[in-house]
Every structure is written in structure tokens, then in C-alpha cells.
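See structure below.
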Amino acid sequence: MSQSPLIMAVRTMGHLNLSIDWSTNETLAVDLAGLMAGSAVLAPLGNDAFFAQVTVEEWGHGLDWPGGLDLGADLLYKLGREQAGLLSPSQFDRWMRENNLTLSTAAEALGMSRRMIAHYRTGSRPIPRVVQLACLGWEVAQRQRAA
């Protein structure tokens, strides 16, 4: 996204797992195990009692733990969407390029406004799963027409 969404709330969901509520009205699960791998700075998060002390940074731009350990909202949002298997703006842009679609033709293909396609492409709005599924369905339909 052009500006990261804000973190509204966080809950620990077990060892190195969080559930984060975002200003986009999304709730995303985030597993920090991969991020922690080989990071001495993040090693304290491996202690479940320490990990449970997570708080939302005052303005929602990240998560804080005691001793100044923090993670930014942009990284957490990206991780959460990737781990949920949701389409990123760069993947959406690649889908458009690979299928030779302009903003207008992509909007027509997906039954959406040109403006919303532009939002998805630039990352100024999160891409809903239903749009991701529509992209996949459109590709299948195109292949069937070509066969």
C-alpha cells in the first residue's frame, strides 16, 4: 500500500503467532517464525512470556515489546497478506501485464471501476480475495475460449 494501514489491535495466538486487526477492516494472522530465523535481534520473541507482552504502538504504526523491540506495520501487513495467500499489488500488476490488460480492460474483465483497478494496482486499497479469485477465473475463461 502507498501508506501502511494502521494496527488497531493485536492478540497472541500461540508461539510466534499473532492475530492483527487492521484499519482496513481486515484481521490477518501473522507467523513470525520465518522472520525470526537467524535474527539475533528478534531472538527474545522466542520466549512465550516475553512474546505475550506485545502492545500496539501508540499511533498504530507497529507493535512494541519491552526493551525497545518493535516491528513496523508495513512489514507485518505484508507478511500477513502473503501468509494468507492474498494477492499483492505487484502480483496484480503482473497479472495485468501478462494478460495485456489496461486499467480499462481489466476493469471491464472484472466488472469493476477503472478507479478501483488503479487502487489495487498501486496498493492504495487492499485487494480482496474475491478479486483474486475473479482474476484466476478470468484467466481460465480466456484459456477455454482460446482452446
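If you filter the stretch 13-31 down to residues that are within 20 Å of Glu57 (Cα to Cα) and without any contact (Cβ under 8 Å) to a residue 24 or more places away in the chain, you find that the one that is least open to solvent (accessible area, probe 1.4 Å) is Ser19.
Tell me whether the stretch 90-100 contains one or more residues that are touching a residue at least 24 places away in the same chain (Cβ under 8 Å) and among the basic types (Lys, Arg). Within the stretch 90-100, not a single residue is touching a residue at least 24 places away in the same chain (Cβ under 8 Å) and among the basic types (Lys, Arg). The set of residues from the stretch 53-68 being open to solvent by less than 60 Å² (accessible area, probe 1.4 Å) and closer than 17 Å to Asn17 by Cβ comprises Val54, Val56, Leu63, Trp65.
Conditions tested, residue by residue: (1) surrounded by 13 or more Cβ atoms within 10 Å (Cβ to Cβ); (2) more than 30 Å from Asn17 (Cβ to Cβ); (3) under 21 Å from the mean Cα position of the chain (by Cα).
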residue	(1), (2), (3)
Leu86	yes, no, yes
Asn99	yes, yes, no
Thr102	no, yes, no
Gly111	no, yes, no
Met116	yes, yes, yes
Tyr120	yes, no, yes
Gly123	yes, no, yes
Pro128	yes, no, yes
Leu133	no, no, yes
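Looking at the structure I just gave you, is Ile7 out of contact with any Pro (no Cβ under 7 Å at 6 or more places or on another chain), in contact (Cβ under 8 Å) with a residue 60 or more places away in the chain, farther than 15 Å from Glu82 by Cα and open to solvent by less than 70 Å² (accessible area, probe 1.4 Å)? Yes; evaluated as a whole, the condition is true for this residue.
The values are calculated or read from the model by the stated rules, or taken from the named source; none is laboratory data. Being a predicted model, the structure only gives us computed values, none of them experimental. Cβ sites come from the backbone with ideal geometry, for glycine too, and all protein chains shown count toward neighbours. SASA here: full protein model, heavy atoms, side chains in, ligands and nucleic acids out. Shrake-Rupley method; radii C 1.70, N 1.55, O 1.52, S 1.80 Å.
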